[in-house]
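Asks: If you scroll down you'll find the structure; I have some questions about it.
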Amino acid sequence: MTGAAIPDELRRFLLSGALSVPHVEAILQLRRGAGQPCSAQALAARIYVRTARAAELLTELCEIGVARLLESEPPCYLYAPATAELAGLLDALEYAYGAQLVAVTRLIHSAEERKALNFAAAFRLRKDPT
Amino acid sequence: MTYFLLGAISMAAAVCGLVFLRYFIRTRDRFFLWFALAFWIEALGRVLFLVSPEVTDDSITGYVLRIVTYGMILLAILQKNLPRRS
Amino acid sequence: MTAAIVYFLCAATSFLCAVLLWRGYVASRSRVLFWSGVCFSGLMISNAVLVLDKLVYTDVDLWPWRLWISLISLSALLFGLIYSNE
């Protein structure tokens, strides 16, 4: 049951390991907020993680350029993709996550393969790109 | 106390072996199979220390276990660095 | 004599693994390499203590120390293999 293919750019983005499943859930929650600022506590309640973890996720999303921190008390975050290209990718991500959850999570989880590849690569005595 | 430590080490080594096995299944790189075997032999060795009082670091079995464990790791590194593609 | 060779070989293998893993960590900042480096550094120390135990301080039993070091090392590896996010 493959349906429409996941766009190549989105596929590459997910394989890069920039996002984990909790990151994706956080992004979707921020988007659904329709421009409303979201605190770590509110996000934690919606995606069922601890507040500290939600705060970490939001900070990481700011670093990737998906969200922006507002100077408020408590600190709140706004969905604010840094570039139009990233915004397009995240639109595709939301669609794909809804339509092909299994395929998307498989791409995200291939981060585990990256761990394995990093481990094995360390044991190459000569650093060549094979 | 030593029983606890031997048991804990055995379990930790066995689980590491499982993770390496999973990496092998994902990547089909035999490098991980060697590591998995090495860690499982380490786990087995600790169990032998527990159940057989004659198996110690100084016994023949102890030496063989150690040589096989570290030998497999060396084999993995060797295989990783051989010129032919695996 | 055989014992000394086996023990040194094991320590040397752990040392080689530790060096490669730390080198890899410095190059890539991959967290799995950090924890693996910690593990094999610990195993190297455990093997070094084994050499001391069997060949130098023969009147003292350093086995519990070696077991603790091995357990901590393997726990570090397990943590890195399972929890590190790449």
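Asks: Residue farthest toward the positive end of the dipole of segment B:2-81, with Cβ of Lys/Arg at +1 and Asp/Glu at -1: which of B:59, B:18, B:4?
Replies: Going by the charge dipole, the pick is B:18.
Asks: Based on Cβ point charges of +1 for Lys and Arg and -1 for Asp and Glu, what charge dipole magnitude is obtained for the protein assembly as shown about its Cα centre, in debye rounded to the nearest 20? Could you put the intermediate results ahead of the total?
Replies: Values: 28 positive and 23 negative charges, 157 e Å.
Dipole about the Cα centre, nearest 20: 760 debye.
Asks: Another question, if that's okay. Counting other Cβ atoms within 10 Å, keep those with at most 11, restrict to DSSP loop, and tell me which trypsin sites (Lys or Arg not before Pro) in chain C are left.
Replies: Working: sites: C:23, C:29, C:31, C:54, C:66; in loops: C:29.
Loop-located and lightly packed - C:29.
Asks: List the residues whose amide H sits under 5 Å from the amide H of residue A:123, counting only those 5 or more places along or on another chain, with H placed 1.01 Å from N in the peptide plane.
Replies: none
Asks: Once you put a point 7 Å from the Cα of residue B:25 and another 7 Å from the Cα of residue A:78, both along the Cβ direction, what distance in nm separates them?
Replies: 4.7
Asks: Could you calculate the FRET efficiency of residue B:50 with residue B:18 from 1/(1 + (r/R0)^6), where r is the beta carbon distance between them and R0 is 25 Å, rounded to 0.05?
Replies: Working: r = 20 Å, r/R0 = 0.80.
Taking R0 as 25 Å, the efficiency between residue B:50 and residue B:18 is 0.80.
Asks: Explain nothing, just compute: Karplus ³J(HN,Hα) = 6.51 cos²θ - 1.76 cosθ + 1.60, θ = phi - 60°, for every residue of segment A:20-37 in order, whole Hz, x for Gly and Pro.
Replies: Per-residue couplings from phi come out as 9, 4, x, 4, 4, 4, 5, 4, 5, 5, 4, 5, 5, x, 6, x, 7, x Hz.
Asks: Also: Between residue A:106 and residue B:1, what is the label-to-label distance in nm when each label sits 7 Å out along the Cα-to-Cβ direction?
Replies: 5.1
Asks: I'd like the orientation of helix C:2-28 relative to chain C: the angle between its Cα long axis and the longest Cα principal axis, in ° from 0 to 90, rounded to 10.
Replies: Rounded to the nearest ten degrees, it is 20.
Asks: Something else about it: I need the chymotrypsin sites (Phe, Trp or Tyr not before Pro) found in chain C, filtered to DSSP loop residues with at most 12 other beta carbons within 10 Å of theirs. Before the final figure, lay out the partial values.
Replies: On the way: sites: C:7, C:8, C:15, C:22, C:25, C:34, C:35, C:40, C:57, C:65, C:68, C:79, C:83; in loops: C:57.
Here the sparse-neighbourhood loop sites are C:57.
Asks: Hey, another quick one. Using only Cα atoms, find the angle between the long axis of helix A:51-64 and the longest principal axis of chain A, and express it within 0 to 90 degrees, rounded to the nearest 10.
Replies: Tilt of helix A:51-64: around 70 degrees.
Asks: Compute the distance from the alpha-carbon center of segment A:71-130 to that of segment C:44-85, in whole Å.
Replies: If you average the Cα positions of each part, the centres end up 37 Å apart.
Asks: Residue by residue through segment A:93-106, what is 3J(HN,Hα) from phi via Karplus (6.51 cos²θ - 1.76 cosθ + 1.60, θ = phi - 60°)? Round to whole Hz and write x for glycine and proline.
Replies: 4, 4, 4, 5, 5, x, 8, 9, 4, 4, 5, 5, 5, 4
Asks: Quick query: amide H of residue A:70 versus all other amide H atoms, modeled in the peptide plane; which residues come in under 5 Å with a sequence gap of 5 or more or a different chain?
Replies: Hits under the 5 Å cutoff: A:76, A:77, A:78.
Asks: Evaluate the charge dipole of segment B:2-81 about its Cα centre and quote only its size in Debye, nearest 20, assuming +1 on the Cβ of each Lys and Arg and -1 on the Cβ of each Asp and Glu.
Replies: Numbers: 7 positive and 5 negative charges, 105 e Å.
Once rounded to the nearest 20, the dipole reads 500 debye.
Asks: A further question follows. Taking Cα atoms, how many degrees apart are the long axis of helix B:60-81 and the longest axis of chain B, rounded to 10 and kept between 0 and 90?
Replies: The two axes meet at around 20 degrees.
Asks: Grab the DSSP H runs of chain A that are 4 residues or longer, score each as -39,500 (n - 2.57), total them, divide by all residues and round the 222 nm result to the nearest 500 deg cm²/dmol. Walk me through the numbers before you get to the answer.
Replies: On the way: 7 runs with 79 residues, N = 130.
Calculated from helices alone, the mean residue ellipticity at 222 nm is -18500 deg cm²/dmol.
Asks: Could you size up the charge dipole of chain C around its Cα centre, putting +1 on the beta carbon of Lys and Arg and -1 on that of Asp and Glu, and report it in debye to the nearest 20? It would help to have the intermediate numbers written out before the result.
Replies: Numbers: 5 positive and 4 negative charges, 62 e Å.
It works out to roughly 300 debye.
Asks: Taking +1 at the Cβ of each Lys and Arg and -1 at the Cβ of each Asp and Glu, which of C:75, C:25, C:51 sits farthest along the dipole of chain C towards its positive end, judged by Cα position relative to the Cα centre?
Replies: Result: C:25.
Asks: Shielding by partners for C:71-83, please: the mean number of other protein chain Cβ atoms within 10 Å of each residue's Cβ.
Replies: Details: counts 10, 2, 2, 12, 4, 1, 7, 6, 0, 4, 11, 5, 0.
Mean partner shielding for this stretch: 5.
Asks: While we're here: Report the gain in length on full extension from residue C:4 to residue C:60: 0.36 nm times residue separation, minus Cα-Cα distance, nm rounded to one decimal.
Replies: Values: separation 56, 0.36 × 56 = 20.16 nm, distance 1.76 nm.
Fully extending the segment from residue C:4 to residue C:60 adds 18.4 nm.
Asks: From the phi angles alone, apply the Karplus equation (6.51, -1.76, 1.60; θ = phi - 60°) to segment B:28-45 and give each ³J(HN,Hα) in whole Hz, x where the residue is Gly or Pro.
Replies: These are the phi-based 3J(HN,Hα) values: 6, 9, 4, 3, 6, 5, 4, 5, 4, 4, 4, 6, 5, 5, 4, 4, 4, x Hz.
Asks: I want to check the label-to-label distance for residue C:12 and residue A:16. Put each point 7 Å from Cα in the C-beta direction and report it in nm to one decimal.
Replies: Distance between the two pseudo-spin positions: 4.5 nm.
Throughout, read-outs are computed from the coordinates displayed, never taken from laboratory work. This one's a predicted model, so the numbers in the text were calculated from it and none came from an experiment. Neighbour counts are summed over all protein chains in view; Cβ atoms, including those assigned to glycine, are modelled from backbone coordinates with ideal geometry.
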